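The values are calculated or read from the model by the stated rules, or taken from the named source; none is laboratory data. Owing to the predicted nature of the structure, the values given are computational and were not obtained by experimental measurement. Here Cβ is always computed from backbone atoms with ideal geometry, including for glycine, and neighbour counts include all displayed protein chains. Side chains are part of the model used for accessible areas, which takes the heavy atoms of the whole protein and leaves out ligands, DNA and RNA. Shrake-Rupley method; radii C 1.70, N 1.55, O 1.52, S 1.80 Å.
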Amino acid sequence: MKLTRIAKIGAIGAIAALALTACAANEGGGGETTAPSGPTLSGEIAGGGSSAQEVAVQAWAAGFQTANPDVTVTYDPVGSGAGRESFQASAFPYAGSDRAFTVEEIAAGPFDGCVEGTGILQLPAYISPIAVIFNIEGIDTLNMDAATIAGLFAGTITNWNDPAIAALNPDVTLPDLAVTPVHRADDSGTTENFTDYLAQAAPEVWTYEADGEWPLQSGEAAQGTSGVVAAVEGGQGTVTYADASRAEGFGTVAVQIGEEFVPFSPEAAAAIVDLSPLEEGRTAGDLTIELDRTPDEPAYPIVLVTYSIACEEYVNADIAPLVKGFLNYVISPEGQDASAAAAGSAPISDAQRESMQAAIDLIVVP
């Protein structure tokens, strides 16, 4: 079996050299999520984009390549923006992105690798809870509402024994300890999703728009997920937001939804996607969601959703069976379990899988 490799992509050259060995009936269409016995595909899928999706893609690639030993999946974690640009330029036939193309961006185009007049697929196939983690000796969890979380990061709550925190945690002895908020120094999809939650759920405290760049100069800045986690580990009273897979060993926040406090979990994170509507003005294969960070039902609202992006119909038709087969594996129970085990993501629900399968079935295979 060829091993997944994360490398700079030579773009179209590798794609043009594809040699397909199976008939269309066995090439990942019609709802198939696993390959039949024996190799059915050969060639290379050269994708890239979101670094948040990198570990998941490695897991997906390993499973897909096990079923199709003559296929190699490469993924370059160059970032969401570069991934979208490369997809538009036909350098990547598959891209991962922490946000979907907007309706305006799609209308402006062009998408050089897609047949003109056809749509693109945008599948929210990777869901990751973002945990609010803190370092306070002897405290493993705290209940907080959105306004309290926003106050910690906006600088309006400066001590851990603040009355707002105490009122939500009457059974916890809070220390007289300064709050040190830690944020990402780099432009980050995690930051954009976290600030989107603050802006939606606590606009009276968090008066900034959602953005990948942190809007305040106060607090401590650190580079990347590893940087903010290390900063919290190194200081009492620190608090940050980070992928939930990095929360082990820290105190964590349960978020108030209605009368309940919801800790992060794969199930609670997946539930927020099910409760959120599709954006208006999208084509049938474009499943971009409008995340509802203030649901009426218990769900964990601080999540990062990354999209798998592909063409409905490719100019280079030879790539279509590979992308279609790969995406079928991505959304399959096996693929979702693999990414959950490797990256701590939240497996999509059966309802989401059904919608994504219908979108993938739109990919035209010659």
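If I filter segment 235-248 down to residues being more than 24 Å from G79 (Cα to Cα) and at pLDDT 95 or above, which single residue comes out as most open to solvent (accessible area, probe 1.4 Å)?
This residue is Q236.
Among the residues of segment 266-277, is there at least one that is of a type in the set (A, V, I, L, M) and at pLDDT 95 or above?
no
Here are A61, A91: which of them is outside any strand (DSSP E or B), at pLDDT 95 or above, open to solvent by 10 Å² or more (accessible area, probe 1.4 Å) and not charged (D, E, K, R)?
A91
With the requirement that a residue be in contact with a Gly (Cβ under 9 Å, 6 or more places away or on another chain), surrounded by fewer than 20 Cβ atoms within 10 Å (Cβ to Cβ) and either in contact (Cβ under 8 Å) with a residue 40 or more places away in the chain or of a type in the set (D, E) (or both), what does segment 132-167 give you?
Passing the criteria: I136, I139, D140, T141, G155, D162.
Having 1 or more residues that are touching a strand residue (DSSP E or B) at 6+ places or on another chain (Cβ under 9 Å) and among the hydroxyl-bearing types (S, T, Y) is the bar; report the helices (runs of 4 or more DSSP H) wholly within segment 265-366 that clear it.
Once the helices (runs of 4 or more DSSP H) in segment 265-366 are filtered for at least 1 residues that are touching a strand residue (DSSP E or B) at 6+ places or on another chain (Cβ under 9 Å) and among the hydroxyl-bearing types (S, T, Y), what remains is 333-343, 350-360.
Restricting to segment 282-309, and then to whatever is open to solvent by 30 Å² or more (accessible area, probe 1.4 Å) and among the β-branched types (V, I, T), can you tell me which residue is nearest to V330 (Cα to Cα)?
T283
I'm trying to understand the selection: among the residues of segment 173-208, which are in a loop (DSSP other than H, G, I, E, B), over 13 Å from G155 (Cβ atoms) and open to solvent by less than 10 Å² (accessible area, probe 1.4 Å)?
Matches in segment 173-208: S188, A202.
Go over the candidates G219, G258, G227 one by one and state the one that is at pLDDT below 95, in contact with a Gly (Cβ under 9 Å, 6 or more places away or on another chain), more than 22 Å from A341 (Cα to Cα) and open to solvent by less than 60 Å² (accessible area, probe 1.4 Å).
Matching residue, one of G219, G258, G227: G219.
Is segment 305-319 home to any residue that is over 30 Å from P69 (Cβ atoms) and in contact with a helix residue (DSSP H, G or I) (Cβ under 8 Å, 6 or more places away or on another chain)?
yes
To keep it simple, each residue is scored yes or no on (1) open to solvent by less than 10 Å² (accessible area, probe 1.4 Å); (2) among the aromatic types (F, W, Y); (3) within 30 Å of V253 (Cα to Cα).
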{"residue": "E280", "(1), (2), (3)": "no, no, no"}
{"residue": "D318", "(1), (2), (3)": "no, no, no"}
{"residue": "S332", "(1), (2), (3)": "yes, no, no"}
{"residue": "Q336", "(1), (2), (3)": "yes, no, yes"}
{"residue": "A341", "(1), (2), (3)": "no, no, yes"}
{"residue": "A359", "(1), (2), (3)": "yes, no, no"}
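Which pairs turn up if I take residues in segment 276-303 that are touching a residue at least 24 places away in the same chain (Cβ under 8 Å) and look for partners that are assigned to a loop (DSSP other than H, G, I, E, B) and among the basic types (K, R) with beta carbon separation below 8 Å, at least 6 apart in sequence or on another chain?
From segment 276-303, the pairs are T288/R282; P301/R293; I302/R293.
Name the residue that is surrounded by the most Cβ atoms within 10 Å (Cβ to Cβ), counting only residues in segment 102-131 that are hydroxyl-bearing (S, T, Y) and touching a residue at least 24 places away in the same chain (Cβ under 8 Å).
Going through the qualifying residues, I end up with S128.
Only one of G235, G249, G212 is touching a helix residue (DSSP H, G or I) at 6+ places or on another chain (Cβ under 7 Å), of a type in the set (G, A, S) and part of a loop (DSSP other than H, G, I, E, B). Can you tell me which?
Going through G235, G249, G212 in turn, just one is touching a helix residue (DSSP H, G or I) at 6+ places or on another chain (Cβ under 7 Å), of a type in the set (G, A, S) and part of a loop (DSSP other than H, G, I, E, B): G212.
Just to be sure before I move on: is A268 farther than 25 Å from E105 by Cβ and crowded, with 22+ Cβ neighbours inside 10 Å in the structure I sent?
Taking the combined requirement at face value, the residue does not satisfy it.
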